[in-house]
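Student: Structure below; questions to follow.
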Amino acid sequence: MSVKKLTPEQGEALRRIPAIEQLLSGEPFLTMQEHYSRDLITEALRTVTAEIRGQILNAEIVEPPDESAYAALVRAELESLTAPTLRPIVNATGTITHTNLGRSLLSASASESLAQAAANYVNLEYDLNTGGRGHRDKLTEPLLQRLTGCEASTIVNNNAAAVLLALNTLARGKEVIVSRGELIEIGGAFRIPDVMEASGTILREVGTTNRTHLRDYENAINENTALMLKVHPSNYKVVGFASTPTMEEITELGQQYDVPTMEDLGSGSLIDLTRYGLPYEPVVRERINAGVDVVTFSGDKLLGGSQAGIIVGRLDAIEKIRKNPLMRALRVGKLTIAALEATLRLYLNEKDLTEKLPMLQRYTRSMTDLRETAEKLANFLRHIFRDAIEVTVEESTAQLGSGSLPVDTLPSLAICIHSPQISAETVAAHFRAQPIPVIGRVQDERFRLDVRTVVGKELVWIADAAKGMMEKLQAELDHLT
């Protein structure tokens, strides 16, 4: 491998890069140490000088910066190093509960409870009445008993963990009967058969993809059967010539043969969503009332709390699950519990729930409200873009997302941004690159901002993003026109 020979100019330029210690002893860097440690400043300075060397060697620059310029370069590097990577964004994709964008937004009370728990010691596993050791499940269990009718409950870090833990506890080394039509794959390529294999259970498939009968379950029961599992198809729906037994029928069969039953509800719901004009989704209490031994569901998604996996059901089953060694690996901490408990408390009083739960509020926004938002935002953007970019308001459809109500959509409106001179992908990239990124979707050669999830200050954030985009594009637009 040949090494490219330096030109005399490159060699001279490299020699003029100041030494690290020389720069650190200068006044700008001494002042910088009032806010940053010397070690961090040194690391940033080494990064900056290495980049300058690379630019000289690649003939990108012919002279190193003046010594006075290094402080600004290092300060920018320090700001980049210390800036949070988890940033607020605007979700204008049309997917309300968006897995990639953090799923559910917490209510004001949940956010306040989370902040209090984060900043203070709390009674996570301390019994204030006896002064002895308590159990973290006892903080949420009374609420879940009241809201679902369960005998007991426990919380783990997500619903996949809840399914894994329950199966491992109740059926490890034995058969679990599942309909073929429910062997689903959820986001991130996590498949029910893979989760079952990891749990140590033996999958016993029954029925077909589109039709499974109660007799299929009954014929599969044998001396090695530990559980009958029903999985809610969170992210798809089989329609047409399709049927499957109800959970009530499976539970009755389980009681007849003394085989426990379990249902993974996926997103799960504590209330009847049809009251709010939304499609029906199974309610957890209905399953408990039907006699299901164990029910698992998510703490976010439809419930609208923190990410968690909630396991409710019979006391004997939950006690076994709590004693599983995996429980310690999958349990949640005080922050999750604080946010989840505050969210559950809101469900005690369903009055004004759409105002208290941010996600339910977005699910149920009226078209009148959406049109007011869309017209207001469109006017902002027309003022910013002038004649350079076309802005229109068009009908759209939104999805609940994250496996909730998979084939059902909600009517919505979208701001469509179009320019014959700039591709929709370029517009999308510019919106993403702003200090507060705005995430929309590209469709039919237009960049679209669905307004169902856009409220309050987010209108200003979008307007600011549009201004930032125009500043970057102005020179290019001038050249093109």
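The values are calculated or read from the model by the stated rules, or taken from the named source; none is laboratory data. Every value quoted in this text rests on a predicted model; they were computed, and no experiment measured them. So basically every Cβ, Gly included, is an ideal-geometry build from the backbone, and we count neighbours across all protein chains shown. What goes into the accessible areas is simple: the full protein's heavy atoms, side chains included, and nothing from ligands, DNA or RNA. Shrake-Rupley method; radii C 1.70, N 1.55, O 1.52, S 1.80 Å.
Student: What are the DSSP H helices in the chain that stretch 20 Å or more along their long axis, judged by alpha-carbon atoms, and whose average Kyte-Doolittle hydropathy comes to at least -1.0? Numbers along the way, then the final one.
Tutor: Values: long enough: 38-57 (28 Å, 0.14); 367-385 (26 Å, -0.24); 458-480 (32 Å, 0.07).
Span-like helices here: 38-57, 367-385, 458-480.
Student: Mind listing the long-range amide H neighbours of Arg211? Cut-off is under 5 Å, sequence gap 5 or more, other chains count too, H placed in the peptide plane at 1.01 Å from N.
Tutor: Under 5 Å from the amide H of Arg211 lie the amide H atoms of Ser243, each far enough along the sequence or on another chain.
Student: A further question on this structure: Name the residues whose placed amide hydrogens come within less than 5 Å of the amide hydrogen of Ser412, ignoring near sequence neighbours (fewer than 5 apart) on the same chain.
Tutor: Under 5 Å from the amide H of Ser412: Ser396, Thr397, Ala398.
Student: Here's another thing I want to ask about it. Among His383, Thr354, Ser366, whose Cα sits farthest toward the positive end of the charge dipole of the stretch 340-387 (+1 at Cβ of Lys/Arg, -1 at Cβ of Asp/Glu, about the Cα centre)?
Tutor: Positive-most Cα among the choices belongs to His383.
Student: Anything over 29 Å Cα to Cα? Flag those among Lys301/Lys351; Lys138/Lys301; Lys301/Lys457; Lys138/Lys174; Lys376/Lys472, in the order listed. Could you put the intermediate results ahead of the total?
Tutor: Numbers: Lys301/Lys351 20 Å; Lys138/Lys301 23 Å; Lys301/Lys457 23 Å; Lys138/Lys174 31 Å; Lys376/Lys472 24 Å.
From Lys301/Lys351; Lys138/Lys301; Lys301/Lys457; Lys138/Lys174; Lys376/Lys472, over 29 Å: Lys138/Lys174.
Student: Follow-up question, since we're still on this one. Starting from the Cα-Cα distance between Asn129 and Glu51, subtract it from 0.36 nm times their residue separation and give me the gain in nm to one decimal. Mind dumping the intermediate values first?
Tutor: Numbers: separation 78, 0.36 × 78 = 28.08 nm, distance 6.12 nm.
So the chain would gain 22.0 nm between Asn129 and Glu51.
Student: Output ³J(HN,Hα) for the stretch 445-457: one whole-Hz value per residue in order, computed from phi by the Karplus curve 6.51 cos²θ - 1.76 cosθ + 1.60 with θ = phi - 60°, and x for Gly and Pro.
Tutor: These are the phi-based 3J(HN,Hα) values: 6, 10, 8, 10, 10, 6, 8, 4, 9, 9, 9, x, 4 Hz.
Student: Using a 1.4 Å probe on the protein chains only, how many percent of the accessible area of the chain belongs to carbon and sulfur?
Tutor: Values: 12130 of 24150 Å².
Using a 1.4 Å probe with all protein chains present, the chain comes out at 50 percent carbon and sulfur.
Student: Calculated FRET efficiency, Asn379 and Asn210, Cβ-Cβ r, R0 60 Å, to nearest 0.05? Provide the component values of the computation, followed by the final result.
Tutor: Details: r = 49 Å, r/R0 = 0.82.
E(calc), rounded to 0.05, equals 0.75.
Student: Then there is this: Between [x] 1.35; [y] 1.52; [z] 1.24, which matches Cα Rg over 2.2 N^0.38 Å calculated for the structure shown?
Tutor: [z]
Student: So who's got an amide H within less than 5 Å of the one on Phe447, skipping anything under 5 residues away but keeping other chains? H placed 1.01 Å off N, in plane.
Tutor: Ile417
Student: Say each of Val460 and Asp444 gets a label point 7 Å from the Cα, pointing the same way as Cα to Cβ; how far apart are those two points in nm?
Tutor: Inter-label distance under the simple model: 3.3 nm.
Student: Taking 0.36 nm per intervening residue step and subtracting the Cα-Cα distance, what contour gain separates Asp387 from Ala118 on full extension? Write out the running numbers ahead of the final one.
Tutor: Working: separation 269, 0.36 × 269 = 96.84 nm, distance 4.89 nm.
That pair, Asp387 and Ala118, stretches by 91.9 nm at full extension.
Student: What is the stretch 246-376 by shape, rounded, prolate or oblate, if you read a ≥ b ≥ c off the alpha carbon gyration tensor as root eigenvalues and call it rounded for a/c under 1.5, prolate for a/b larger than b/c, and oblate otherwise? Numbers along the way, then the final one.
Tutor: Numbers: a/c = 2.99, a/b = 1.61, b/c = 1.86.
Cα axes put the stretch 246-376 in the oblate bin.
Student: Also: Step through the residues of the stretch 297-302 one at a time and calculate ³J(HN,Hα) from phi using the Karplus curve (6.51 cos²θ - 1.76 cosθ + 1.60, θ = phi - 60°), rounding each to whole Hz and writing x for Gly and Pro.
Tutor: 6, 8, x, 9, 6, 5
Student: Putting +1 on Lys and Arg Cβ atoms and -1 on Asp and Glu Cβ atoms, find which of Pro325, Ile271, Leu253 reaches farthest to the positive end of the dipole of the stretch 242-325.
Tutor: Final value for the positive-end residue is Pro325.
Student: Rank by packing, highest mean first: peptides 367-373, 317-323, 446-452, 14-20, with packing defined as the count of other Cβ atoms within 10 Å averaged across residues.
Tutor: On the way: 367-373: 15.0, 317-323: 17.0, 446-452: 25.9, 14-20: 13.1.
Most protected by this proxy first, the peptides run 446-452, 317-323, 367-373, 14-20.
Student: Pop the C-beta distance of Ser423 and Ile202 into the FRET formula with R0 = 51 Å and round what comes out to the nearest 0.05.
Tutor: Numbers: r = 52 Å, r/R0 = 1.03.
E(calc), rounded to 0.05, equals 0.45.
Student: Expressed in nm to one decimal, what extension gain is obtained for the pair Asn349 and Glu395 from 0.36 nm per residue of sequence separation less their Cα-Cα distance? Write out the running numbers ahead of the final one.
Tutor: Values: separation 46, 0.36 × 46 = 16.56 nm, distance 3.46 nm.
Result: 13.1 nm gained on full extension.
Student: What does the accessible area per residue of the chain come to in Å², with a 1.4 Å probe and no ligands, DNA or RNA counted?
Tutor: Numbers: 24150 Å² over 481 residues.
Computed with neighbouring chains in place, this is 50 Å² per residue.
Student: Then there is this: I want to make sure I understand the PRE zone here: with the label point 7 angstrom from the Cα of Thr82 toward its beta carbon, which residues in the stretch 28-49 have backbone N atoms less than 18 Å away?
Tutor: 28-48
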